[in-house]
Every structure is written in C-alpha cells, then in structure tokens.
Amino acid sequence: MSRGKIRALGIDFGTSNTAAAILTDSGATELLELDPSTGGDPRLLKSLLYFPTRRESFFGREAISQYFERDMEGRFFQSVKKLLPNSDFQGTIIHGSHVSVEELIARYLTDTRKRIEKIIGPLGEIPVFMGRPARYAQDPGKEGLAVVRFKTACDLAGFSRYRFIEEPSAAAKTYRSEKEKELILVIDLGGGTSDFTLMRVKNLSKKVEAGHTERTEFDIYSVHGISVAGDSLDSEFMNSKLLKFFGSDIRYQRPFSSNVLTMPGSLMKVLPKWHHHAFLRERSTWSFIQSLHKELVDPEQKKWLDNLITLVEDNLGYSLHQAVEKLKVTLSETNLTDFLFKSHPIAIQFPVSTQEFEDVLQSPVQQIKEAALETLRLGKHEPEKVEALYFTGGTSQVPIIRRTLTATFPNARVVDQDTFTSVASGLALSEP
C-alpha cells in the first residue's frame, strides 16, 4: 500500500505495551501493526522479552507463548521500562553474559525498529519522536539517570534522528477543542506510571486565512508523574485478597525446634509478579517449599501449600494475572462478579463487589489524585479552573480513578481518546 512520503514516526515505548504511528504527507496519522500475530490488538506490541538460549530471543506475545512452551527455562523480562531510574540495578546475567539496563532495553527497541522497517522500509532521514514519562522518578539524580539510559538504549538500537517527547504532552496533540482557549489536564495512566500535563490549548483555526489547515498551539504550565498505575492496582488486589490462597498464612515448625514460623514474606512478594515465579523454582527455594508438607502446624493449610506448588509447577502465574485483569475489567461494567481461578487442585472462587474492589485500591488511587493536584500546584492553577480532563492509557478506564479525578476537578468536562494509541499518534504529530 502506497503511503506517500512519511514525515515523522512516533514510538510510544510503554511499561506494558509499545505502539508506533507515522505521519503521512497528507497530514494524517496511521498506527502500525507491530504484532499482527493472533490473540490481541495488532497495533500493540507487549513490552516483553524472553531469552531461552544464548542465541534466541522473542518479544511481544510470542515471548509469552515461547516462555511457557519451554517450561519457563531461560530469562523472561516484563516492565523493563521501570528499570531505567533504578540506580541499584546495573544489569543482569543472561546465559553467562552480563547485560546492562541499556543493552536490555536496546534489544527490545531493536526488534521494534525492525518491525517498523518491515512495514515502512528503512527509517533513513525520517524524524523519530520517542515518548518518555513526565517523570521517571521524583529524585533528580534518578530522573537524570533514566534519561541518559534511555538515550543510550535508543542509540544502541540503531535510531539516529530521534527526540524525546513527554507522553502526556504528545497525547494532547490529538486533542481538539471547539473553544478558542481551554485549560486542560492531560491524564495518561498506563501500566507503570501515571503522568499529567497541565496546558492551555489555543485553537487558531478561526484566525488563519481561508485555505490553510487549522492550527492548535499549546502553552504547557507543568508536567508531573509518579510510578503508580495499573500494575499497582493489580498488586494491591493480589496482596489483599489472593495471597492467602497460596500460603501467606502458613505456619510451620522445623524439626527439633519449638519455634512456630510463618511463610517468609520474600516468597509472597514474588507472587504478584508472575514473570518472577521461575525464581521460586530455584533449588534451595523449591526444596524449602516442598519440605513444608511435613512441617505444617495446621494440616488444614496443606491445600494452600498445594495451590502454591501447582501454581509454580504448572506455570499458572500468567493465567492468575489474567484472571485479576479480567476481574478489573468486569467490575468496570458491573457492580458484582465472581473472582474465578481454577486448575486442579486450585479452586478459587469468591464474590467481589465494586465497593470491595475499590476499597482495596484506596492507597494507589489516592496517590494518583495527589499527583494530579501536585501538577496543578506546580502550574500555579486552581483545580476549579481546569476546563477539561483528557484521559488516555488503559488504567484511565478504571471507574474509581475516573470518579476520583472528575470530583477533584468539578468544572472539567471529560474527554477520551483511543486508550492505548493516542500517545503514539500524538508523537507522530510532533513534527515541527
């Protein structure tokens, strides 16, 4: 298919998904199908990496399928974007070789670039606009480290003509207003970060001469963000409602000891992160878990221990994660449903009301609200002055978050854009 000249490319490298869009010569944006394999939105490439052997690598949905087909052998990575500001994480060992944070992310971005070039041809002189969060971290040192690391990763991945654009600012470029001026708060809620941009939109379409395309200008007052978003909601529910079914309350007694011990918290912290379940199969940890059969203080707790062993042995972590995601989506549409997860001998089913679910999420929701208000404080505007809330990102669909934020800005109308791709489209529109 002929697209004519491509004026710009936007890449939204997200914590959970990556999307890309081009700006064509006609002024239209087109989202690229980065992952046309079956099983999901072809425009979204899941931000997943899997290295089963020294010479093999898989990305996106294929990384998940290969990971389970190969019995969770090798190294699997999720949410690598979160590593950028982590000064304690310098790299990791993959099949005997040290790989830095920059190299790890570069491998994913290299695969992304190749997918893009397969669709549109070599990038050549096409300007590339890379999305970045409003804030990687509140600490200036970690923020600077993240930016340097991301730039290094982009260089290693073979991108040459690129520029970083803050993601909520990019999303705002797809915003259209009938008003001549409007104060808007862009709210980009993804899997790993919640980002905000306060800006004044100026619609100049009435001021340009006939025959010219309409123009929109933006005066940005403040940009802010926190590392609390969709992943945090899932973890809160897991920690509050599910860990007990996998042994968090187990009590055991070692041979020849009078001390009654509880399940180590370090093991339970791994469970909400399904891609870390392979660590539970390391020899010493796995031997400890299995030894608990003979050491339980309460024999009734054997079923919870069996659940944990089955979860790890049968590679069910991702299925459990999907069950939580399904619950979150269903409770966005109804007030009561069952959480259901069954795989013999695991049989977990209990009702969850919207109110109960939202009570669990109070802490991250409050943090997101406070971050939005901090954006207004930094921009020296009162919440009552905001005229529109522009939502984007998958977590923006969670009702309690929308209600909380709309109540915080009582005079603002709500505007939605394509949940997962508006940032990529806005990045493509960043051409000067």
Please determine whether any residue of region 91-98 is of a type in the set (S, T, N, Q), outside the structural domain of TYR318 (by TED's automatic domain parsing), surrounded by fewer than 21 Cβ atoms within 10 Å (Cβ to Cβ) and under 20 Å from SER227 (Cα atoms).
no
Output for region 304-328, where each listed residue is in contact (Cβ under 8 Å) with a residue 24 or more places away in the chain and aliphatic (A, V, I, L, M):
LEU305, LEU308, LEU311, VAL312, LEU316, LEU320, VAL324, LEU327
Is at least one residue of region 10-18 charged (D, E, K, R) and surrounded by fewer than 21 Cβ atoms within 10 Å (Cβ to Cβ)?
no
If we scan region 151-158, do we find a residue that is crowded, with 22+ Cβ neighbours inside 10 Å, modelled with pLDDT of 95 or more and closer than 24 Å to LEU48 by Cβ?
yes
Per the filter on region 275-308, residues assigned to a helix (DSSP H, G or I) and within 23 Å of PHE77 (Cα to Cα) are HIS275, HIS276, HIS277, ALA278, PHE279, LEU280, ARG281, ARG283, SER284, THR285, TRP286, LEU308
So which pairs qualify, if the first residue must be in region 51-80 and in contact (Cβ under 8 Å) with a residue 12 or more places away in the chain, the second must be of a type in the set (S, T, N, Q) and not in a loop (DSSP other than H, G, I, E, B), the Cβ gap must be under 8 Å, and the two must be at least 6 apart or on different chains?
PRO52/GLN66; ARG54/SER97; PHE59/THR112; ARG75/THR92
Taking the conditions exactly as written (among the acidic types (Asp, Glu) and more than 25 Å from the chain's Cα centre (by Cα)), does GLU387 satisfy them or not?
yes
Quick check, is LEU373 assigned by TED's automatic domain parsing to the domain that holds VAL329, among the aliphatic types (A, V, I, L, M) and touching a His at 6+ places or on another chain (Cβ under 7 Å)?
no
Return yes or no: is SER16 within 24 Å of PRO122 (Cα to Cα) and in contact (Cβ under 8 Å) with a residue 40 or more places away in the chain?
no
Can you say whether LEU23 is crowded, with 21+ Cβ neighbours inside 10 Å and more than 30 Å from GLY141 (Cα to Cα), as far as the supplied structure shows?
yes
In this structure, is PRO133 modelled with pLDDT of 90 or more and not assigned by TED's automatic domain parsing to the domain that holds VAL228?
no
Would you confirm whether or not region 70-79 contains a residue that is among the polar types (S, T, N, Q) and either more than 16 Å from THR152 (Cα to Cα) or in a strand (DSSP E or B) (or both)?
yes
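The values are calculated or read from the model by the stated rules, or taken from the named source; none is laboratory data. Predicted model only: the values in this text are computed from it and were never measured. Ideal geometry is used to build each Cβ from the backbone, glycine not excepted, and the neighbour counts take in all protein chains shown.
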